[in-house]
Amino acid sequence: MSGRARDLAVEDLCLYALGDVSPEELVALESALSSDTAGQARLRALIEATHQLALLPTPSAPPPRAFDKIWKRIEAEADKPSTPPSRPTARARKSTPGGAPASRWARSLPLASAIALAMCLVAGAMWYREREASLTLESALEATRSQLAQGATERGALASRVAELQEKVTEDQAVYRALGAADLRVCLLGPRRPDLTGTLRVIWRRGDPFWLVVGSGLSPAGAGQSLKLWGIREGQSTGAAILEVAPDGAVRQRVMLTARLESSEAAAVTIEPDGGVPQPAGEMLFFGTM
């Protein structure tokens, strides 16, 4: 490539692509390019590169204090002592074939510096935006993980509740079969004091492994106390269960039987310390014969 074409590619073509030429320089450049196919190809590449700047994304706010740091850097560079410029040589003072003075590079330096600074700011803004998007995504993922964990906990609780209800249905089915049996037996436990209210029954069928205890209108035991059901045979008491009295005074409870309870001759309810005792020690509140 000739020196003329190289000079056009390096200096004049850049200024032409950036639109930083005078009308006279424009005429001279176009005249020189009319017979320079390599220079024309280089110019098209430079113009395409300048068009790419318009495709950059819209910059968002740069990181805090970014401008302060940049200007401090520029001021620090400006405060440095500069070396006195050397006297330009005759060769340096020569004009380029396109007619532009050799000092045009000095004229284009501020523009190049501004472009470089703008690109740095754009890059910093893009990094800041990407970082912000990454933090937002991490926060969303963490919230999703928390929701999934909460959902798993809720599903576990629901599965436990379903199993509990299924067990309850099985128990109820056994109770209903017992209630419809021809050999159903009922023991009515009457109050031992006139001031006691409520009714209490023990229902069973010979051969079943449980008693069904049903009551209504009962007064719950006081603080630190509980109502305990006993089976009695030949004067010996066998603990059956702690009665679970609902707030409305109702009792509906299935009591699994032991060998001694199956042969009980009577049933009684006493008031005992919370949790019950091996043998009755408190006052007898209800009693009935099997």
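The values are calculated or read from the model by the stated rules, or taken from the named source; none is laboratory data. None of these values were measured; they are calculated from a predicted model. All Cβ positions, even for glycine, are placed from backbone atoms using ideal geometry, and neighbour counts span all protein chains on display.
Data overview
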| quantity | calculated |
| --- | --- |
| Pairs with Cβ under 6 Å, 6+ apart, first in the range 24-48 and closer than 15 Å to Cys14 by Cβ, second charged (D, E, K, R) | Leu29/Asp12 |
| Inter-residue pairs, beta-carbon under 9 Å, first within 15 Å of Gly231 (Cβ to Cβ) and not assigned by TED's automatic domain parsing to the domain that holds Pro220 and in the range 188-206, second surrounded by fewer than 13 Cβ atoms within 10 Å (Cβ to Cβ) and of a type in the set (D, E, K, R), 6+ apart | none |
| Some residue of the range 70-87 being surrounded by 12 or more Cβ atoms within 10 Å (Cβ to Cβ), modelled with pLDDT under 65 and either touching a helix residue (DSSP H, G or I) at 6+ places or on another chain (Cβ under 6 Å) or not assigned by TED's automatic domain parsing to the domain that holds Asp12 (or both) | no |
| Strands (runs of 3 or more DSSP E) completely within the range 233-290 that count 1 or more residues being under 18 Å from Thr199 (Cα atoms) and within 51 Å of the chain's Cα centre (by Cα) | 236-242, 251-256 |
| Residues satisfying the stated conditions in the range 231-267, i.e. among the acidic types (Asp, Glu) and surrounded by fewer than 15 Cβ atoms within 10 Å (Cβ to Cβ) | Glu234, Glu244, Asp248, Glu265 |
| Residues located in the range 237-277, provided they are in contact with a Pro (Cβ under 8 Å, 6 or more places away or on another chain), within 14 Å of Met290 (Cβ to Cβ) and modelled with pLDDT of 90 or more | Ser237, Ala268 |
